[in-house]
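To start, the structure under review is shown below, and the notes come after it.
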Amino acid sequence: MAINNNNSQPTLYLNQLAAGNWLQFDLVGSASNRDAVGAKIRVTLSGFAGGASEKTLTRWVEAGSGYAAQSAFPVHFGLGAAEEVAAVEITWPDGEVVRFGGDEIGINQALRVEQSGEVTVTSTPEGDAPQPAEATVASVGRVAASKAVETRGVALARTVGAESSAAGG
């Protein structure tokens with residue numbers, strides 16, 4: 001990473017750590033803003049060496065979070081040594097919550113997730129062609145209203161919060 005400093009020499013950072021596993025999400029809003037700014041993604045990991053318990057990572061889609069800088073819209077998760085994704089939960093800016101199981105979502109891939117429910121694998125380490133992901137409906141927990149949505153064979157649990165469902169959402 002290169003940083004151009006004010007009134008100083010540029011700084012160059014080089015990652016010399018061992019490569020780990022990763023997962024990346026590119027969210028596309030429809031009811032929310034198109035770039036999904038403000039969305040929260042929670043990824044629950046399992047499959048650690050030695051049988052360690054699950055771990056949940058949280059990231060947000062941000063815009064303009066630094067001085068004279070811009071964050072990339074795809075949200076990257078460094079998974080380290082984790083070998084499995086147990087669950088994924090996306091809270092869209094309008095309050096809608098989508099959950100899907102991790103059994104069908106592998107590691108080391110980029111996913112495009114549309115608010116309408118479509119999930120597509122956009123890249124993998126093997127360079128396979130993009131394909132629909134096979135996500136499954138997971139428990140939606142305590143919610144005011146929930147709907148199961150299937151798009152191109154991808155089933156997701158969609159949840160609308162109490163404020164939205166009271167307004168007819």
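The numbers here are math on the coordinates, done by the rules we state, and not lab data. Note that the coordinates shown come from a computational prediction; the quantities given were computed from them, not determined experimentally. Counting neighbours? That spans all protein chains shown, and the Cβs are built from the backbone with ideal geometry, glycine included.
Annotations for the structure displayed:
- Seen through its C-alpha gyration tensor, with square-root eigenvalues sorted a ≥ b ≥ c, the range 1-96 comes out oblate because a/c lies at 1.5 or above while a/b is not bigger than b/c.
- Length-normalised contact order of the range 1-123 in % [C-alpha pairs under 8 Å, at least 6 apart]: 30 percent
- Listed values for the range 13-19 are Karplus-derived 3J(HN,Hα) couplings in whole Hz (6.51 cos²θ - 1.76 cosθ + 1.60, θ = phi - 60°), namely 9, 10, 6, 10, 7, 5, 5, and x replaces Gly and Pro.
- Taking LEU57, LEU79, LEU23 and counting other C-beta atoms within 10 Å, the order from fewest to most: LEU57, LEU79, LEU23
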